Amino acid sequence: MKTLALIARKPGLSRDEFRAHYETQHAPLALPLMSGLLRYVRHHVTEELHGAAGFDVATAFTYRDAAAMRSVVAKLATPAGDAVLRDELRFMDKPRNRFFELRDVEETGARGEPARVSIIVLARRAAGQGEHEFASRALPDLRDAVAGLRWSLHNDSLATFGEPPWHTVTFLHCEAAASIGAWCVAREREAARVVALRVSEHETPLPPAGVP
């Protein structure tokens, strides 16, 4: 099970300050409560290539299963989670945060392949446009819109926790953003809403599943 949290920084903090606090203080503080977590990756926004993000990091949590996710949520609601929740108030603008489930749809290339640029593209389809119609027309063009593609992963959003703010989230590792702005403009002409962001990725190494 994979969830994505779109997290906004507290007013008065720069993105560099927000990232530093998240990586050096918050992530290590929260990790002991996250048993059952298989991957923990923070995608910090460094540049808005098209559109306004409305958040400063997209944090992806990949759990062993839904039960593992529910266990983490339950732990955060106990006294053991108080320190984590208090720390969130120090650097997050929590009312602006959004949280939703993702489903992996299509992966190309190798994730570990070296690449100069990491990009996230979030899209909300036009009213009445079906999931298959959007993916079949837009996704191949999106991969062609970057130069030197090394890896891509396209995800659909699920309404597990209510209506998600975006219908699709695509991660790309490549050598340059190239014509991704033109791709975004083309989607907007079809009445979709699109944001493309350059990000820096920070992944916490985790033990293999089942290893304490």
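For the reader, a short list of remarks on this structure follows.
- Inclusion of D56 among residues that are of a type in the set (D, E) and surrounded by 21 or more Cβ atoms within 10 Å (Cβ to Cβ) is warranted.
- Residues being in a loop (DSSP other than H, G, I, E, B) and either touching a helix residue (DSSP H, G or I) at 6+ places or on another chain (Cβ under 9 Å) or among the aliphatic types (A, V, I, L, M) (or both) - total across segment 44-77: 7
Results for (1) surrounded by 13 or more Cβ atoms within 10 Å (Cβ to Cβ); (2) at pLDDT 95 or above; (3) closer than 30 Å to G181 by Cβ, shown as yes or no for each residue.
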residue	(1), (2), (3)
H26	yes, yes, no
P32	no, no, no
V41	yes, yes, yes
H44	yes, yes, yes
E88	yes, yes, no
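- Residue that is surrounded by the most Cβ atoms within 10 Å (Cβ to Cβ), among those in segment 7-16 that are touching a residue at least 60 places away in the same chain (Cβ under 8 Å) and farther than 18 Å from E203 by Cβ: R9
- Filter pass, R111 being assigned to a loop (DSSP other than H, G, I, E, B) and among the charged types (D, E, K, R): yes
Residues are listed down the side, and each one gets a yes or a no for (1) buried (at least 17 other Cβ atoms within 10 Å of the Cβ); (2) without any contact (Cβ under 8 Å) to a residue 40 or more places away in the chain:
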{"position": "H167", "(1), (2)": "yes, no"}
{"position": "T170", "(1), (2)": "yes, no"}
{"position": "S179", "(1), (2)": "no, yes"}
{"position": "C184", "(1), (2)": "yes, no"}
{"position": "R189", "(1), (2)": "no, yes"}
{"position": "A192", "(1), (2)": "yes, no"}
{"position": "A196", "(1), (2)": "yes, no"}
{"position": "E203", "(1), (2)": "no, no"}
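- Of all residues in segment 90-106, those being at pLDDT 95 or above, part of a strand (DSSP E or B) and not acidic (D, E) number 6.
The values are calculated or read from the model by the stated rules, or taken from the named source; none is laboratory data. Computed from a predicted model, the values in this text were never measured in an experiment. Reconstructed Cβ throughout: ideal geometry from the backbone, glycine too, with neighbour counts over all protein chains shown.
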